[in-house]
Structure formats: structure tokens, C-alpha cells
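Chemist: Just passing along the structure, written as C-alpha cells.
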Amino acid sequence: MAVATFSTQSNAQGDAIHANPEIAARLKKIYGLSRRDMNFEIGTQSPYSLLLERLGNPHLKLPPVIHVAGTNGKGSTIAMFRSIFESAGLKVHVYTSPHLVTFNERIVCAGKEIDDSTLLKYLNIVDKANGNNPVTFFEYTTALAFCAFADIKADICLLEVGLGGRLDCTNIIAQNILSVITQIGYDHTEFLGDTLEAIAAEKAGIIKSQSKVVIAEQSYKQAQDFLQHFVQEKGNEYRVATQPYPSQYPQPNLLGHYQQTNARAVLAGLELIKGQFSFSEEEIIHGLTHVKWSARMQDISKCFELKKDQKIWLDSGHNEAAAFCLADHVKLWNNTRSILLVGMQKSKDSSLFIKPLIPFFDDIYAVDNLNANFPQSAEEMAAFIKDKSGIEVNEGGNVLDCLADIINEQDGPFQLMIAGSIYLAGEVLKNLSIKP
């Protein structure tokens, strides 16, 4: 498998952008945090565990936790759980990453995105507790989220794994009521291993001895077999969410056929935890029909002056498995002219993302993704794709300029998709003043 080479120094500027100058300065500082050649095993006397200890071990004071790991579908799965729980009147904490436009999106306290004053409060608390100890950015921000969640009352807590699972910062929690493994594919292979079994083993590391487990239907049999064998060996009560989508429930309010896979995992999870939390059919239906999750086959056409039968979509998919899911959706466009604008991080193998999509697009443009953690220009991306796969793509430059040029040139119907990176999606949303 080809892997793009990239610098270990990331660009914090995109992530650190914030309308509040004080928060922007603090974010820039914590994005510079790092530690190398140290033990990242959960539970050791690492700078991270010592920081949590100085903070009073907030990770041990959370409401019941649902922990979600996987390559694709984590965010959508958490969004569905949240929507259903809130439809039932529950207060929900949510921790996800990365964000699209502003850092505050990552931390939802009792149903409300953390506000600037509360964020500053916990930045001060964590700063004081940590001093100059060498924690990473994600260790720092996860500790911050745990502090807020421990202090603010809620009924349930939804935690999204940042990377992998076994060694992820969120996995320092002692127990959860439900572990959910969404679809697994090839991503972050430089950290997680280059086989599906190795990647699945890292994801399965979130499964605690007493937790119940949901395994979403997997695209790869190797992953499905490994995960099922893993939970059988551990003796956890589990469900493999391969059942047909229940006819009594509507399609989730998230486009893409693959969202059924995520919804089936959510419904299986609700069945497993019904002894602790129960939901009426009306609450589940309301939650599914009102769920929102930005940059997942999001229709942004209304932001442009388009002619009849012209549509523009935004998706943050950025790996091979996500490309196959997008391809399934694009098939439905039939004979309409289709255009792809794709911008990716330099740390991703863009040729693997492009290949499944090639048969379904008439034109493909590489666009700049300069606010990413590992920025890449359209020129660099086009050259990488040609070198790795021999495929020629157009160099589109800035995404919004490229988009404007295409709209001006097209007289007839078309479907256009912007995809390849959460950072690119965030740039589009921010410039179009769309709040995630």
C-alpha cells in the first residue's frame, strides 16, 4: 500500500483560528504541545495520567459512557445517538474531533456547545494543573473535556475516539456501558498497522470487560471476522448490526446509503442498553428524522446562484473506505454531468481516495488544502496522484475560486461534490457562513 510521506511538523494555524483572540492565542500554544519517544500506554504514570490525577481524575466521574471507535462513521453514529437521547429529554455530553470551523464544536456539555467563557475557564484550570509537563495537544484537550463533563450534570456521555482506540486518550476511562465499532478500513496505517486485522485490534481496544458491544456491518470480511472473534473470546454481550433496516423507522436525516449502516448500529446499541435507558418508538423516530451532522453529503446549493438541476454537495470523507461509500451515492446521479473538487492533507494517500471515484466523475479538480494540519497545494496533490497512479487531474487552486469558475462555465445540469478533508470542508463552511 502506498503511503504519502510528510513532515512530522503539523500546521496548527488552521485549527487554532478562533474569533476570540484570547482563545486563538491559547489554542495556538496548545497545538504546539508534543512529546516524542515516550510511553503512550493507557494507565501508566505518563504526563497525561499524572495531569488527570492533578485534576482530580475527572475521567472517573463521568455519567454513563458510550464509546465509539472506527475508521468511518464515528461522527454520524454519535450524532444519531445524541439526537435520539435528546428527543427523549436526556442531557448529553459529546466529545468529538476534529472540528470543522471552531474548536468549541468538539465539546458539547449537556446538549450545548461549550461557550467561550467556559472554555477559557477550563483552559486556565488545565494550564495550572499541567504546568510545563510534556502532554500532547489531544491529551490536553481530552483532559479539558473530562473536567467540563465531570463538573456539569448530564445523563449520558458520548466519546469519539480520536485515533485508533487502544492507546487513544479517551480510552483512559475505566468503564463504559456500550462500545461501538463502526466500519473499519485503511487509514492511519503508519500508526495502526497495515492489515485490517491489526487496525481492528487497535479499534477493539476500547472494549471494556463489562461493556456491551455493537459491531457495525463491515465492508471487509477480515475486519468483521476479527471483531466478532475478539468479543466472543472476551465474553462480552454483543450485537453485529447486519440485520435489515427496520421498516418501522424512517431513513436517518443524513444523506448517503451508508448512513443506514450507522443507523443499524445505533438501533442495535439502543437494544443492548434498554435495561439502563429505554426509548419509545416515537423518540427514536424523532431522533432519526432530526439528526444533523455537517459535511456529510451536505447540500450547500442554496449558497450559490445556480440554474435548474445544478447541485453542490460537501463531504469530509478522506480515505479509501469513505470513497467507496461516496461512489455508491454518486451512482444515483445517473447521466448528470458530475464534477469532483478534492483537497487532502499531505499525510493522506490521495491516489487511494481518488481511484474508487474516477468512474463516476466527468471532471476532477485538485484544490488547495492549505489550512490542514499537513497542508497540500493543488499542484502538489495533482503531482502525487499522477506519480502514484498515473491519473491526470486538473489543478483547481483555491476551492472557492475553482467553484466560482465552474459555476460560471456550466450552462446545463450538473452535480458537484467537494470532498477529501475535514479541513477543506471547514474552510468552505466558514467562508459560506454556514454554522456546523
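Each reported figure results from applying straightforward, stated rules to the coordinates on display, with no laboratory input. Predicted model only: the values in this text are computed from it and were never measured. As a convention, Cβ positions derive from the backbone with ideal geometry for all residues, glycine included, and neighbour counts pool all protein chains shown.
Chemist: For all pairs of alpha-carbon atoms in the chain, what percent lies in each bin of width 20 Å, listed from the first bin to the last filled one?
Modeler: Result, from short to long distances: 26, 60, 15, 0 percent.
Chemist: Of all beta bridges DSSP finds with both residues in segment 298-431, what is the antiparallel percent, to the nearest 5? Please list the in-between numbers first.
Modeler: Working: 3 of 21 bridges.
Around 15 percent antiparallel, to the nearest 5.
Chemist: Which of the trypsin sites (Lys or Arg not before Pro) found in segment 109-197 are loop residues per DSSP with 12 or fewer other Cβ atoms within 10 Å of their Cβ?
Modeler: Working: sites: K112, K121, K128, K153, R166; in loops: K153, R166.
Here the sparse-neighbourhood loop sites are K153.
Chemist: In the Gaussian network model of the chain, springs joining C-alpha atoms below 10 Å, which of I207, I66, I30 carries the largest mean-square fluctuation?
Modeler: The residue that fluctuates most here is I30.
Chemist: Ignoring everything except DSSP H segments at least 4 long, calculate the 222 nm mean residue ellipticity for the chain; use -39,500 (n - 2.57) per segment, divide by total residues, nearest 500. Write out the running numbers ahead of the final one.
Modeler: On the way: 16 runs with 166 residues, N = 436.
One gets -11500 deg cm²/dmol as the mean residue ellipticity at 222 nm.
Chemist: Relative to the first principal axis of the alpha-carbon coordinates of the chain, what is the inclination of helix 378-389, with its axis defined by its Cα atoms, in degrees from 0 to 90 and to the nearest 10?
Modeler: 90 degrees
Chemist: On to the next question. Working from Cα positions, state the angle (0 to 90°, nearest 10) between the long axis of helix 259-272 and the longest principal axis of the chain.
Modeler: 20 degrees
Chemist: Amide H to amide H under 5 Å from G70: which residues, 5+ apart in sequence or cross-chain, H placed 1.01 Å off N in plane?
Modeler: Hits under the 5 Å cutoff: T182.
Chemist: May I pose another question? Of the residues R106, R337, R239, which exhibits the maximal mean-square fluctuation in a Gaussian network model of the chain defined by a 10 Å Cα contact cut-off?
Modeler: Highest fluctuation of the listed residues: R337.
Chemist: What dipole magnitude, in Debye to the nearest 20, does the chain give about its Cα centre under +1 on Lys/Arg Cβ and -1 on Asp/Glu Cβ? Spell out each step's value before the answer.
Modeler: Numbers: 39 positive and 49 negative charges, 228 e Å.
Dipole of the chain, to the nearest 20 debye: 1100 debye.
Chemist: Sticking with this structure for a sec: Take every DSSP beta bridge with both residues inside segment 13-290 and express the antiparallel ones as a percent of the total, to the nearest 5.
Modeler: Working: 5 of 25 bridges.
Bridges in segment 13-290 are about 20 percent antiparallel.
Chemist: Additional query: Expressed as an acute angle from 0 to 90° and rounded to the nearest 10, what is the orientation of the C-alpha long axis of helix 221-234 relative to the principal long axis of the chain?
Modeler: Long axis of 221-234 versus the principal axis of the chain: about 0 degrees.
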